[in-house]
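Each remark here refers to the structure printed beneath this line.
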Amino acid sequence: MASTQGAAQVLVASNRGPVSYTGQQDGSLVARRGGGGLVSGLSAIGSDADALWVCAALSDGDREAVRRGVGEPGVRMLDIPADVHADAYNGIANSVLWFVHHMLYQTPLEPVFDAEFRRQWASYQAYNRAFAEALAQEAAEGAAVVVQDYHLALAPRMLRQLRPDLRIGHFSHTPWAPPDYFRLLPDDIAAELLAGILGADRAAFLTRRWADAFTDCCHAVLGPGIPSGTRVGVHGLGADADFLRGRAHEPDVAERMTALRTEIGAGRRAIVRVDRTELSKNIVRGLLAYRQLLADRPEWRERVVHVAFAYPSRQDLAVYRDYTAAVQRVAEEINAEYGTAGWTPVLLHVEDDFARSLAAYRLADVALVNPIRDGMNLVAKEVPVVSDEGCVLVLSREAGAYEELGADAITVNPYDIGGTADALHRALTLPADERAERTKRLIAAATALPPAQWFLDQLHALQAGQAG
Ligand code: F6P
């Protein structure tokens, strides 16, 4: 056991934490608290539960905050050297592991496992070790620790070696690749990743499909498979209905609805999508499907608008920047080809604005969620909950949310542009009573597991040593 130990009874570890800092001209630091499932999930523990969130400093502002000892209660930011973090986050997590789990490699985008990869892998190990050491220091005897995501696949095993007394969980927010694809990783790396997660008492996933793929990979790569000490579990994450509905009715959202209504134009239908701009979201094929809809069914011209909010992410990496540029290019092409003086077929916005996203949710007639693969996809759950008039969901069968929402959505093969165009037409022409019925059932399914419950269920299962 580590010689020092802390007081925290419940710990969460993730790359991105609940708060970030920006330096101001006068030298002060402004803190910005983020939203998201984990943040609301953790709030369920309450303030007197000795909870601690360990995360990485991501920006210069964050690093400055750590140096000055500025911080929020319940959060510990790790000042991992910027180059180590860049290798681990950009190099390994988002250039390799993200591509493996979302099965995104295709010619000419191929995996490269060379000396540079090995150098970055050493950083990924060091980054994971920094988390394991901090957690070992902060955790009280027998505490529960939930480690999040593909950035931190090695940390559970490292932490187990330092602190065998802890209850350790690992939660994957991504899909898990099937063995035939996962095994494109070098054998030693594949084994190290699996063994890293198997260091946890409990490895949990958003759907049964991803949990089964993980189990299959353990059998294929490690032979004996899942050791008896590790349970594999599933916890679907739902929409936070109370928060979303409350936030969606604040004045700044109403203001943006007025602006958006003017942009869309009176009497037109809105096909809405909101994503971070990255390849698994399949935004380009969504635009191409919309283009095909306009080409094949001219009756929709001037009568529909595709509202696409694509918020750039991971822009340090060329492959994500190129994808963002491709999204913009295709949207411009469609507008040039079909736009008229009074109608802009695609309204593409790239500046992240949560209030405007909620405004679009409220106005949506159709929500387009067509990822190539996605751990869950909360947008698919959030739009039906927030939409004013109910909406039809066009949903990829490869999104984790499909398991819960597929029966009441119009489902698509995300690669099939023609099929997606047909699905959009079907969605736009669905009779009002069927749309209302489907929306009702979508809302029930989408809100069944609110984030607080999702987190508490994980915690209880971890403490009770449960599988399933
Ligand atoms: O889907 C996996 C995930 O880690 C989510 O939990 C999170 O919303 C997203 O990716 C964040 O990506 P990043 O921190 O790279 O912006």
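Looking for something within 16 Å of the ligand (Cβ to nearest atom) and either surrounded by fewer than 23 Cβ atoms within 10 Å (Cβ to Cβ) or outside the structural domain of H349 (by TED's automatic domain parsing) (or both) - is there at least one such residue anywhere in the range 279-290? I'd like the intermediate steps shown before the answer.
Residues of the range 279-290 that are within 16 Å of the ligand (Cβ to nearest atom), as a first pass: 279-283.
Those still in the list that are either surrounded by fewer than 23 Cβ atoms within 10 Å (Cβ to Cβ) or outside the structural domain of H349 (by TED's automatic domain parsing) (or both) too: 279.
Checking the range 279-290: at least one residue is within 16 Å of the ligand (Cβ to nearest atom) and either surrounded by fewer than 23 Cβ atoms within 10 Å (Cβ to Cβ) or outside the structural domain of H349 (by TED's automatic domain parsing) (or both).
Of the residues in the range 6-30, how many are under 30 Å from Q458 (Cα atoms), assigned to a strand (DSSP E or B) and of a type in the set (S, T, N, Q)? Give the derivation first.
First, the residues of the range 6-30 that are under 30 Å from Q458 (Cα atoms): 6-21.
Add one more test, that the residue is assigned to a strand (DSSP E or B), and what stays is 8-14, 19-21.
Now narrow it down to the ones that are of a type in the set (S, T, N, Q): 9, 14, 20.
Number satisfying all stated conditions: 3.
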Hey, P111 hits all of (1) modelled with pLDDT of 95 or more; (2) over 19 Å from T230 (Cβ atoms) but one; which does it fall short on? (1)
Can you tell me how many residues in the range 78-123 are hydrophobic (A, V, I, L, M, F, W, C), under 19 Å from the mean Cα position of the chain (by Cα) and assigned to a loop (DSSP other than H, G, I, E, B)? 2
When residues of the range 5-30 are limited to those that are away from the ligand (no atom under 16 Å from the Cβ) and of a type in the set (A, V, I, L, M, F, W, C), the one nearest to the chain's Cα centre (by Cα): L11
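When only residues in the range 307-319 that are touching a helix residue (DSSP H, G or I) at 6+ places or on another chain (Cβ under 9 Å) and without any contact (Cβ under 8 Å) to a residue 60 or more places away in the chain count, which is nearest to the ligand (Cβ to nearest atom)? Walk me through how you get there before you give the answer.
Going residue by residue through the range 307-319, those that are touching a helix residue (DSSP H, G or I) at 6+ places or on another chain (Cβ under 9 Å) are 307-317, 319.
Those still in the list that are without any contact (Cβ under 8 Å) to a residue 60 or more places away in the chain too: 307-313, 315.
Values: V307: 21, A308: 19, F309: 15, A310: 14, Y311: 10, P312: 10, S313: 5, Q315: 10 Å.
Looking at residues that are touching a helix residue (DSSP H, G or I) at 6+ places or on another chain (Cβ under 9 Å) and without any contact (Cβ under 8 Å) to a residue 60 or more places away in the chain, I get S313.
Quick grid of which residues meet (1) more than 20 Å from L38 (Cα to Cα); (2) among the polar types (S, T, N, Q):
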| site | (1), (2) |
| --- | --- |
| Q161 | yes, yes |
| R183 | yes, no |
| D187 | yes, no |
| A190 | yes, no |
| A204 | no, no |
| H219 | yes, no |
| L237 | no, no |
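Pick out the one residue from A423, A445 that is more than 16 Å from the ligand (Cβ to nearest atom), within 23 Å of the chain's Cα centre (by Cα) and part of a helix (DSSP H, G or I).
Selected residue: A445, the only one of A423, A445 that is more than 16 Å from the ligand (Cβ to nearest atom), within 23 Å of the chain's Cα centre (by Cα) and part of a helix (DSSP H, G or I).
Give the residue, chosen from A93, A86, that is closer than 15 Å to Y127 by Cα, crowded, with 21+ Cβ neighbours inside 10 Å and within 16 Å of the ligand (Cβ to nearest atom).
Values: A86 fails: crowded, with 21+ Cβ neighbours inside 10 Å.
Going through A93, A86 in turn, just one is closer than 15 Å to Y127 by Cα, crowded, with 21+ Cβ neighbours inside 10 Å and within 16 Å of the ligand (Cβ to nearest atom): A93.
This table checks each residue for (1) touching a Lys or Arg at 6+ places or on another chain (Cβ under 7 Å); (2) of a type outside the set (D, E).
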| position | (1), (2) |
| --- | --- |
| E250 | no, no |
| A254 | no, yes |
| R261 | no, yes |
| D275 | yes, no |
| K281 | no, yes |
| G286 | yes, yes |
| R291 | no, yes |
| A295 | no, yes |
| W300 | no, yes |
List pairs: first in the range 374-389 and under 9 Å from R362 (Cβ atoms), second among the basic types (K, R), Cβ under 8 Å, 6+ apart or cross-chain? V386/R245; V386/R362; S387/R362; D388/R362
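Here's the yes/no breakdown for (1) of a type in the set (S, T, N, Q); (2) modelled with pLDDT of 95 or more; (3) closer than 27 Å to Q5 by Cα; (4) touching a helix residue (DSSP H, G or I) at 6+ places or on another chain (Cβ under 7 Å):
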position	(1), (2), (3), (4)
G71	no, no, yes, yes
G74	no, no, yes, no
G91	no, yes, no, yes
E138	no, yes, yes, no
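The values are calculated or read from the model by the stated rules, or taken from the named source; none is laboratory data. Quick caveat: nothing in here was measured; it's all calculated off a predicted structure. Here Cβ is always computed from backbone atoms with ideal geometry, including for glycine, and neighbour counts include all displayed protein chains.
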